[in-house]
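Heads up, the thing below is written out as structure tokens.
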Number of protein chains: 4
Amino acid sequence: MRTRLRIITLFFTAFILSTGLAFCQTEKTQLPPEATEFYEPVPPKVDPGKTTLDPPSDAIVLFSGKDLDMWQSAKDGSFPKWKVTDGTFVVEKGTGDIQTKQAFGDVQLHIEWRSPQVIVGEGQGRGNSGIFLMGMYELQVLDSYESKTYTNGQAASIYKQSVPLVNATKAPTEWEVYDVIFSAPKFNANGIVTKPATITVLHNGVLVQNHFALRGPTEYIGIPNYKAHADKLPLKLQDHGNPVSYRNIWVREL
Amino acid sequence: MRTRLRIITLFFTAFILSTGLAFCQTEKTQLPPEATEFYEPVPPKVDPGKTTLDPPSDAIVLFSGKDLDMWQSAKDGSFPKWKVTDGTFVVEKGTGDIQTKQAFGDVQLHIEWRSPQVIVGEGQGRGNSGIFLMGMYELQVLDSYESKTYTNGQAASIYKQSVPLVNATKAPTEWEVYDVIFSAPKFNANGIVTKPATITVLHNGVLVQNHFALRGPTEYIGIPNYKAHADKLPLKLQDHGNPVSYRNIWVREL
Amino acid sequence: MRTRLRIITLFFTAFILSTGLAFCQTEKTQLPPEATEFYEPVPPKVDPGKTTLDPPSDAIVLFSGKDLDMWQSAKDGSFPKWKVTDGTFVVEKGTGDIQTKQAFGDVQLHIEWRSPQVIVGEGQGRGNSGIFLMGMYELQVLDSYESKTYTNGQAASIYKQSVPLVNATKAPTEWEVYDVIFSAPKFNANGIVTKPATITVLHNGVLVQNHFALRGPTEYIGIPNYKAHADKLPLKLQDHGNPVSYRNIWVREL
Amino acid sequence: MRTRLRIITLFFTAFILSTGLAFCQTEKTQLPPEATEFYEPVPPKVDPGKTTLDPPSDAIVLFSGKDLDMWQSAKDGSFPKWKVTDGTFVVEKGTGDIQTKQAFGDVQLHIEWRSPQVIVGEGQGRGNSGIFLMGMYELQVLDSYESKTYTNGQAASIYKQSVPLVNATKAPTEWEVYDVIFSAPKFNANGIVTKPATITVLHNGVLVQNHFALRGPTEYIGIPNYKAHADKLPLKLQDHGNPVSYRNIWVREL
């Protein structure tokens, strides 16, 4: 190797001497293209799902249609009382939020949901639930198809923080798809946030949140304000009293 | 709902009167939740596609399966010589790159492609094409299923700049899906870049580029280096000599 | 040029042939270092100030100690009633805010201020003023030396949005220095913010705000919420009723 | 103040009672301002230096003018052979780079340097040294006052990655000041970078690097490419054979 390098250097030197060339880019030096090619590290091979909705091979499947074994009551850790039927599960009013047993930080999340089939209520009272990244950063779930509410509380909003770029909600008879890229916040030793959480969301394939920097946990009442917390925390789904359905939930740790 | 609000208001009022409280957060003041609710601007309503692959109502459809009317030769502006068959079109070797007639800046882009059905060549010689945002920022198209090449040149790489997080390529018999969020670079009056272009890419639904900041135009030979350019420029597809197929291309201006 | 390029290519070809080298990075190819060297565009020459406090040659000096000719009443555009003495000027209670005649977007701002020499009041009542980038994004000015207030309202806070990383305030007898890097927000055609404003602040040379993404205009009452506005707007200084002094103000457009 | 608050509260109460208002922002509800005021966590008190050049009380002083006790040879860990004279130290040609004994990640760095007093050489040969954050991310030190070189290699460049926004170099008889905000890169379990290092630099008080995202370690030859490394690594100063002087070096962990 050493010898080869020396030979290369010699050739190169000869090359320079003979041309007297200053290799500045402005003269469009024809470098070997290999100079900008790298071989390591090799990205791991992942089998994507059959469709873009299906879990890729490196995903942790949180709900495949069968059971809620990956979940527990957010209140007391008991088995969730939400009901599984026909490959979906439905919020069981009054039984409280549920959360994953596993904790997550930076993730790609795929989740599908559907508003109640019987339309009841208006605004925040119609088909309300929520997806809480790290248990505290809410991506809103709501029937926003033909129902008005505050813009920063409609479906696909980061609740009371960021209005979706567009309203891509479907009719309540249809399933909605969220594809989420979430990056956890970082804190310093004084408990002050040094990097806010960021989130990107596609709603039914349409960009609705574009690398939004969260202001702190999403609050129903009052102002978001970061407090230092663990690097990984469970994903939570909200019981807001409406029979919202969920299906096909998977997550990839980034 | 209305009644409930009034009741809340009354309670809140009573609460204030009875305590004469200085409203500092540390005392967990029960503010009216309406304080953090906004009603304007209202995000435009968009009908998403039937599936997440289909163009939403606000998309500009660049190829729906019929013709290349939205495209022209990148070389001379003539009508593209690439062939449309069965709802797809195929790179016609030696006819050169094609580009959109319309120019774009910040966009969400959906595009599907398929490697040639007869496997020929290796590495960069197998199923090579490319998607050039603004005509100069390349998201690589390549048959990377079971063919080795430099990591920053495989499918879903930002060519010679950013390795994909994972290799989510499917077998060449299948269609590949790219969902892209691209933000154009900004330049100051001295021609120096003040905000690099950023790109996020889902490959077959799997995150492969996460808000990557490009270093300049992607170069086969030499080093990327930004040069000030227009705010909007055409999207380009590369003729690299391999019969790569494309279909279902749409773009949303952000 | 053509000929020279061809000669280079020939030499280079000879060079490759003779070594038989595959130029992959893994073999630590000794490329010519000139390959990564660029000569354009040339950054403009700027004479920095004699000290880091002094305006560099490309700065717009907003106050050099002499007069308020660059400023006007924010209310009615009349000449400011704030008083210039000894190379400084002082907030004149009740005369209202003042703002620059010129509008600014992305800037580097240097500004020095001093709390009133007679300590009166507490918390927000002691030495309160403010620096409003684009007339609406406030970097707080306050005597926070030995006076308590809410953390997101102390000196060097982004008012009611971001607590400074540390409290670097000096005793009120001394001059305080802010060095600010501000990037204006961007909005889309629907009036929705697509890039929040960001701010970095050094307070007396100590980092207190690190590329913080603002949530909207800073509000005394209520919640910040972006509304689309012009690319450039005047810089404003606040009359909060306290005789805060200012001096040595300059800005560089970025 | 107290009284005023109580009056405000009364007014606010009356206001609510009289209107029975739904508190939407569009009606400009007069919320209590205290709703957006936070008291924790309290930013630590830091005594800034007497001038913005002096180390604040929470800084780790790496060179105060006396000795090189905080440093060691980068090659073999021996005591540095660079010479301390008159409150400065000078690169001792041929003795190799020196680095801090302590390792650092995210930092604010203040450092002053001066080109050799006898001008020798041109371009990269004149007054060349370098400041390597984490031992591998170089902020260039060079006499760029009236000497031409490649723009991405001049003083205040991120070596071969980012041209400074302006050339704020002083004459070699004068001391140069760098104020740096650096954020370390992050890597995932596969060794792929998930957050690039970022850097902001003020050169003699003038912004020259604005939150630039590094592409990997800065390389003299070849292309930057991240490799996973420790969260904290020593700061290194380069012996490039020229008698560059340094003084007044301090760092704050962020």
> From the label point of residue C:44, set 7 Å from Cα along Cα→Cβ, how far away are the matching label points in the other copies, in nm, ordered shortest to longest?
Replying inline: 3.7, 4.0, 5.0
> With N residues in region B:90-163, what two-decimal value do you get for its Cα radius of gyration over 2.2 N^0.38 Å?
Replying inline: 1.14
>> How big is region D:194-238 along each principal axis, measuring the range of its Cα positions in Å and listing the largest first?
In response: 33, 26, 25
> If we restrict to alpha carbons, what Rg and Dmax does region C:115-254 come to, in Å?
Replying inline: 14.9, 50
> Based only on the alpha carbon positions, what is the Kirkwood hydrodynamic radius of the protein assembly as shown, in angstrom?
Replying inline: 30.8
> Just for the Cα atoms in region B:148-206, what are the lengths along the principal axes, largest first, rounded to whole Å?
Replying inline: 48, 23, 16
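When the helices in chain D are scored as -39500 (n - 2.57) per DSSP H run of 4 or longer and the sum is shared across all residues, what 222 nm value do you end up with, to the nearest 500 deg cm²/dmol?
Values: 1 runs with 18 residues, N = 254.
Roughly -2500 deg cm²/dmol at 222 nm, from the helical runs in chain D.
May I ask for the net charge around residue A:214, where only other residues with Cβ less than 12 Å from the Cβ of residue A:214 are counted and Lys, Arg are +1 while Asp, Glu are -1?
Working: positive: A:160, A:195, A:215, C:215; negative: A:138, A:219.
Cβ neighbours under 12 Å give a net charge of +2.
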> So for region C:62-195, what percent of the C-alpha to C-alpha distances run longer than 25 Å?
Replying inline: 31
>> Only Cα pairs within less than 10 Å get springs; with that Gaussian network setup on chain A, which residue of A:112, A:122, A:176 has the largest fluctuation?
In response: A:122
> Could you give, in nm with one decimal, how far residue C:146 is from each other copy of that position, shortest first, with labels 7 Å out from Cα toward Cβ?
Replying inline: 5.2, 6.8, 7.8
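What do you get when you divide the Cα radius of gyration of chain B by 2.2 N^0.38 Å, with N the number of residues?
Numbers: Rg = 24.4 Å, N = 254, 2.2 N^0.38 = 18.0 Å.
It is 1.35.
Compute the orientation-averaged projected area for region C:39-89 from the convex hull of its Cα atoms and round it to one decimal in nm².
On the way: hull surface 22.4 nm².
Projected over every direction and averaged, the Cα hull of region C:39-89 covers 5.6 nm².
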>> Distance between the C-alpha centers of region C:56-131 and region D:167-208? Whole Å please.
In response: 31
>> What do you get for the angle between helix D:2-19 and the principal long axis of chain D? Use alpha-carbon atoms, 0 to 90 degrees, nearest ten.
In response: 60
> How far is residue C:118 from the same spot in each other copy, in nm, shortest first, if each label point sits 7 Å from Cα toward Cβ?
Replying inline: 6.3, 7.3, 9.6
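Give me the net charge for the shell around residue B:249: Cβ to Cβ below 14 angstrom, other residues only, Lys and Arg +1, Asp and Glu -1. Each step should come with its number before you reach the end.
On the way: positive: B:66, B:101, B:114, B:236, B:247, B:252; negative: B:54, B:67, B:69, B:112, B:176, B:179.
That sum, taken over residues with Cβ under 14 Å, equals 0.
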> Length gain on complete extension for the stretch residue B:93 to residue B:50, per 0.36 nm per residue less the alpha carbon to alpha carbon distance?
Replying inline: 12.1 nm
> Gaussian network model of chain B, Cα springs within a sub-10 Å range: biggest mean-square fluctuation belongs to which of B:101, B:50, B:93?
Replying inline: B:50
> What Kirkwood hydrodynamic radius, in Å, does region A:162-236 give when the mean of 1/r is taken over all pairs of distinct Cα atoms and then inverted?
Replying inline: 14.1
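Coordinate-derived values only; no laboratory data. Bear in mind that the values here come from a model prediction, so they are computed numbers and not experimental data. Note that we place each Cβ from the backbone using ideal geometry, even for glycine, and neighbour counts take in every protein chain shown.
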